[in-house]
Amino acid sequence: MRKHKSDRIIGALTVILLGVGLIIIYAIGPMRVNVLNSTYGSDYSENYFFIRQLINVALAAVAFVVAFKFPYSKLRKFSKCVIIAGLVLCVMLAFLALAGSSIAKCELGACRWFRFGGFSLQPAEVLKMGLVLYFASLMAERAKHGRLASSDFWIPFSVISVVSLGFVVVIQKDLGTGVSIMAIILAMLLMSGVKLRYFLLTLGIVLIGGVLAIVASPHRVERLLTFQSEDSSDSYHIENAKIAIGTGGLFGVGIGNSVQATGYLPESINDSVFAVLGETFGFVGLFVIVGSFTLLLMRLLRVANYLADDEESLVVVGIFAWLTAHVVVNIASMTGLIPLTGITLPLLSYGGTSMLFTSAALGLALQLSCYTDREPRKQQVAPEVSSKHGTDQIPRRRIS
């Protein structure tokens, strides 16, 4: 496939969302500083969060450009290295946290980051990128030889999936990130062409595992009970998120005029940034933001559907699932549609690792958009077709 122009809409939306995120952190960063300084006696400067976010955006832009320019034909050779690096980092974090090392950054009983001076690294983000790259390679290679039903596919797929979810959900106590990993695994498996009964079995196992992870964790059960409770005093976080969105009205209160960001709304610059955006820019602003995410996700689906190469198409499917999980879960949590779950809003929430790897993933998708075909992938006619050697050759499902 000859290289052609990239999907400029993906690039433009990435830049716009990064810019909006920088604006909102500039507006509410000083308020967050005041809360921290008054509560914990810290001495952060007024522009502390804005300067750090500016650095994060700059690094994200570099990651986006590098991922766009670095050929996937070379990157695919490092897929095993990336997944191994993600798993090793998770193991190291668990041991450092157990040893009480200051390198392991722990908050509210959960250890999810490495801390290096003033910077931090979340290994789960490395793991997500590794899962997308490695599973795309594994699935495409096995599908090519009609071995998606064989043990040499299911053993590595199952082991890596279980270990990844075990570290993130059980050890790091991060169900939000676990949901995004589940979405990556299930979406890529569905589009790999695996037999439907195998996919449904995997889906059932994942759902049962998710229920067990909730039931076995007291704080998750408490969140679920709080979600079902009619007493607003039991759901302080979500009630203040709704107040923020409602206060914004049609056009918002304007940049720098947020009340909820002054200390009423927890995690205003991270997980709750969607509610602050609603208060600042109103319904119209949220409509534009949600529309931008929707268009971005639709363009990713289009790229996946028009890529002739199975592995490249699966990579974009994984990236699509990754972003979709973050956007849907974050917005649904902030609007009270699902129990509160800690998960960032891509490109808008404050933070470095998530923004860095999300931007890199979008840069990779933008690169692959240069190799789409003129026609979409062929519609799957039958669930399986026998090859002349007797193995099951399963056509890829069409994304539409």
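Looking at Tyr44, Tyr26, can you tell me which residue is at pLDDT below 90 and touching a helix residue (DSSP H, G or I) at 6+ places or on another chain (Cβ under 8 Å)?
Values: Tyr26 fails: at pLDDT below 90.
Just one listed residue meets the conditions, Tyr44.
So Ala261 passes all but one of these: (1) within 28 Å of Leu127 (Cβ to Cβ); (2) modelled with pLDDT under 95; (3) assigned to a helix (DSSP H, G or I); (4) of a type outside the set (Asp, Glu). Which condition number does it fail?
(1)
Cβ-Cβ distance below 6 Å, separation of 6 or more or different chains: which pairs start in region 31-42 with a residue that is closer than 18 Å to Leu265 by Cβ and end on one that is in a helix (DSSP H, G or I) and not aromatic (Phe, Trp, Tyr)?
Qualifying pairs under 6 Å: Met31/Ala261; Met31/Thr262.
Within region 277-308, can you find the residues that are over 15 Å from the mean Cα position of the chain (by Cα), crowded, with 17+ Cβ neighbours inside 10 Å, of a type outside the set (Lys, Arg) and farther than 30 Å from Gly29 by Cα?
Across region 277-308, the qualifying residues are Val303, Ala304, Asn305, Tyr306, Leu307.
Please enumerate the residues belonging to region 138-157 that are assigned to a helix (DSSP H, G or I) and of a type in the set (A, V, I, L, M). Spell out the reasoning first.
Start the filter on region 138-157 by keeping residues that are assigned to a helix (DSSP H, G or I), which leaves 138-144, 151-157.
Leu138, Met139, Ala140, Ala143, Ile155, listed by residue number.
Hey, can you tell me all the residues within region 283-335 that are of a type in the set (Gly, Ala, Ser) and part of a helix (DSSP H, G or I)?
Gly285, Gly291, Ser292, Ala304, Ser313, Gly318, Ala321, Ala325, Ala332, Ser333 - these are the residues of region 283-335 that are of a type in the set (Gly, Ala, Ser) and part of a helix (DSSP H, G or I).
Show me the helices (runs of 4 or more DSSP H) found entirely inside region 1-77 where at least 3 residues are out of contact with any Asp or Glu (no Cβ under 9 Å at 6 or more places or on another chain) and under 19 Å from Arg299 (Cα atoms).
Output list reads 8-40, 48-69.
Can you tell me which residues in region 166-175 are on the phi < 0 side of the Ramachandran plot and surrounded by fewer than 21 Cβ atoms within 10 Å (Cβ to Cβ)? Show your work before the answer.
Taking region 166-175 as the starting set, the residues that turn out to be on the phi < 0 side of the Ramachandran plot are 166-172, 174-175.
Residues satisfying the conditions are Gly166, Val170, Ile171.
For region 229-242, state whether one or more residues are more than 29 Å from Ile24 (Cβ to Cβ), within 25 Å of the chain's Cα centre (by Cα), surrounded by fewer than 17 Cβ atoms within 10 Å (Cβ to Cβ) and not basic (Lys, Arg). So that I can check it myself, show each step before the final result.
As a first pass, look at region 229-242 and keep what is more than 29 Å from Ile24 (Cβ to Cβ): 229-231.
Okay, now just the ones that are also within 25 Å of the chain's Cα centre (by Cα), so none.
No, there is no match, as no residue in region 229-242 is more than 29 Å from Ile24 (Cβ to Cβ), within 25 Å of the chain's Cα centre (by Cα), surrounded by fewer than 17 Cβ atoms within 10 Å (Cβ to Cβ) and not basic (Lys, Arg).
Does any residue in region 262-290 that is free of Cβ contacts under 8 Å to residues at least 60 places away in the same chain come within less than 9 Å, Cβ to Cβ, of a residue that is of a type in the set (Asp, Glu) six or more places away or on a different chain, and which pairs are these?
Leu265/Glu279
Being in contact (Cβ under 8 Å) with a residue 12 or more places away in the chain and assigned to a helix (DSSP H, G or I) is the filter here; which residues of region 97-108 pass it?
Here is the first cut: in region 97-108, the ones in contact (Cβ under 8 Å) with a residue 12 or more places away in the chain are 97, 102-103, 105.
Residue satisfying the conditions is Ala97 alone.
Against the condition outside any helix (DSSP H, G or I) and in contact (Cβ under 8 Å) with a residue 12 or more places away in the chain, how does Ile245 come out, does it pass?
On the way: outside any helix (DSSP H, G or I): no; in contact (Cβ under 8 Å) with a residue 12 or more places away in the chain: yes.
It is false that Ile245 is outside any helix (DSSP H, G or I) and in contact (Cβ under 8 Å) with a residue 12 or more places away in the chain.
What number of residues within region 246-272 satisfy the criterion of being surrounded by 24 or more Cβ atoms within 10 Å (Cβ to Cβ) and over 18 Å from Gly351 (Cα atoms)?
3
The values are calculated or read from the model by the stated rules, or taken from the named source; none is laboratory data. Just so you know, these numbers come straight off a predicted model, no measurement behind them. FYI the Cβ positions are ideal-geometry reconstructions off the backbone, even for glycines, and counts take in every protein chain you see.
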